[in-house]
Amino acid sequence: MTVNRVVIIAVVAIAAAAVAGWFLTGLGGGQRLLEPEAVTGAVRVDPDTVTVGERVSWSVSFVPGPDGFPHGGRLMIRFPHNHFSTVPASEIYQDEAPEAPGYAGVTQPVSGVRLEVRPIEYGRIGIFLENNGPDLPGEETIDVAILNLPAPPVAQNDFLFQVIVDRDGDGEYGIVRSVNPVRVLPGAPERLACVAQSLIDPGARPWIGCRLEDARGNPTEGLRGNLHASVTASGRRFSSMTLARSLATQRFEGPVLAQPGVYTIDVEAQTDERVLSTATNLVLAERREDGRRLLWADLHGHSALSDGRGTPEEYYEYARDVSFLDAAALSDHDWQLTETEFRRTVDAAEQFNARGAFVTVPAMEINIRGHELIYFFDTDRLATVRIGRVGGAQDFWQELFADMAPGVPLTSYKDMLAAFNDDEILIASHTTLSAGMGTPRGDPAPRQSLIEIYSAHGSSECAGCPRRRPTATIRKKRRSVIG
């Protein structure tokens with residue numbers, strides 16, 4: 001059998017793209033999301049292994065499958081929003097120098113299938129195709145080449161292109177599930193990062209956690225020989241030791257800090273190419289009669305069950321073994337979680353909880369006044385409350401661009417809060433510069449007692465922070481397509 005291939009080349013740039021009317025039929029108002037089993041077709045992405053940040057010429061091939069790709073059919077290829085939200089568009093795209101990487105241009109050597117590259121909110125990019133020609137058979141392959149697009153900056157095993165199809169333009173659309181994941185490898189080691197136990201008794205050994213990182217902060221390998229640590233107090237270096245041979249990430253005991261005082265610990269590592277050195281945070285050696293400890297935690301994060309990366313189990317494993325945290329909470333978005341998925345996040349928290357060593361707290365991001373975080377401290381009580389959503393939007397694309405409402409909650413916020421005593425839950429405001437996400441000033445959620453210090457964007461610590469980002473504008477009703 002001869003299989004025809006429609007080849008479309010797109011060299012992407014945000015500045016050169018214009019919003020076109022031909023793909024703006026709108027998915028709001030009567031549009032329908034097909035069940036996954038009703039969406040035929042498969043997507044192949046090459047290369048399937050890349051290194052963080054490298055510029056890649058991607059090939060995205062769509063085979064329609066038994067239902068073909070009829071006249072009027074539409075297809076959108078996009079990249080997960082958490083990829084482009086971590087890379088400024090100005091570093092990826094430009095439209096002034098055709099000979100430079102990232103220049104925008106579209107060529108369409110085959111008539112019938114029309115392509116356009118367009119920016120969408122949050123700096124995301126969509127590649128939109130429409131079949132204006134004859135019906136294409138199921139074995140036809142539509143190839144889209146995307147040139148000089150940077151690979152994600154975060155190492156991961158499951159980076160997925162997202163492909164959405166409205167096969168005959170009738171408003172029934174679906175997400176193509178058969179897409180191979182891309183493995184994103186870390187780069188070469190560029191720096192050493194180490195943290196130490198912040199508060200200890202005199203005469204004890206603080207633990208030290210170290211990892212080799214690439215230029216973008218991803219844990220990587222490349223150490224040869226041993227790690228060496230020396231202790232400094234009041235500007236005087238007075239002891240040193242050789243630590244056990246390290247892997248990419250390792251936690252171990254440091255030198256004895258015999259006297260009360262404030263210390264820093266210098267650590268040195270030999271890689272294949274050079275010596276890397278760093279200093280830990282300050283360590284206070286002081287006997288405290290009240291038994292209090294200084295602990296570090298990350299209490300807001302998402303897995304791929306909502307709009308993050310990886311599994312709930314991988315989230316906690318990274319927090320414990322790579323970030324060397326004392327505590328963590330996974331707080332996936334409630335509107336993206338089914339009851340089964342929420343229970344999985346709770347089970348993961350239970351699995352990784354180790355009293356006195358690594359504390360985990362079941363949590364969720366909710367929407368009472370704006371965006372809030374709720375933490376659950378009684379898992380027995382939690383097991384009696386049905387939490388999760390049925391139907392509705394499953395991701396940000398469906399919520400913002402398909403104009404779909406969130407699913408129906410199994411238990412209303414009012415009833416959910418009423419099911420717990422004050423000592424069984426804790427509610428905090430989600431603080432961010434993005435419009436519509438933080439709790440409105442002066443109107444806290446019921447039983448809210450904390451305000452989150454949110455630093456993922458470097459945006460909430462001070463008015464003049466060097467990494468401060470402008471407020472994002474969210475258009476809640478955008479009637480665009482798949483287009």
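The values are calculated or read from the model by the stated rules, or taken from the named source; none is laboratory data. Given the structure is predicted, the values throughout are model-derived calculations rather than measurements. As a convention, Cβ positions derive from the backbone with ideal geometry for all residues, glycine included, and neighbour counts pool all protein chains shown.
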- Task: Write out, first by first residue and then by second, each pair whose Cβ atoms fall under 6 Å of each other, whose residues are 6+ apart or on separate chains, and whose first residue, in the range 241-270, is within 16 Å of D321 (Cβ to Cβ) while the second is modelled with pLDDT under 75.
- Result: S246/L223; S246/L227; F252/L243; F252/A244
- Note on the structure: The condition of being over 19 Å from A193 (Cβ atoms), over 29 Å from the mean Cα position of the chain (by Cα) and surrounded by 16 or more Cβ atoms within 10 Å (Cβ to Cβ) holds, among L284, L305, only for L284
- Query: Take the residues of the range 220-240 that are surrounded by 15 or more Cβ atoms within 10 Å (Cβ to Cβ) and touching a Gly at 6+ places or on another chain (Cβ under 8 Å): which is modelled with the highest pLDDT?
  - Reply: T220
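Yes or no, residue by residue, for (1) out of contact with any strand residue (DSSP E or B) (no Cβ under 7 Å at 6 or more places or on another chain); (2) under 24 Å from D46 (Cβ atoms); (3) at pLDDT 85 or above; (4) surrounded by fewer than 16 Cβ atoms within 10 Å (Cβ to Cβ):
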residue: S90; (1), (2), (3), (4): yes, no, no, yes
residue: P101; (1), (2), (3), (4): no, yes, no, yes
residue: V106; (1), (2), (3), (4): no, yes, no, no
residue: P119; (1), (2), (3), (4): no, no, no, no
residue: R124; (1), (2), (3), (4): no, yes, no, no
residue: G133; (1), (2), (3), (4): no, no, yes, yes
residue: G169; (1), (2), (3), (4): no, no, no, no
- Query: Taking the range 57-71 as the search range and keeping residues that are surrounded by 18 or more Cβ atoms within 10 Å (Cβ to Cβ) and in contact with a Leu (Cβ under 7 Å, 6 or more places away or on another chain), which one is modelled with the lowest pLDDT?
  - Reply: W58
- Failed item, numbered, when V267 is tested on (1) buried (at least 17 other Cβ atoms within 10 Å of the Cβ); (2) at pLDDT 80 or above; (3) under 29 Å from the mean Cα position of the chain (by Cα): (3)
- Look through D298, D326, D290, D332 and report the one residue that is under 29 Å from S198 (Cα atoms), free of Cβ contacts under 8 Å to residues at least 40 places away in the same chain and under 15 Å from the mean Cα position of the chain (by Cα). D298
- Query: Looking at this structure, is R343 under 26 Å from P409 (Cα atoms), in a helix (DSSP H, G or I) and charged (D, E, K, R)?
  - Reply: yes
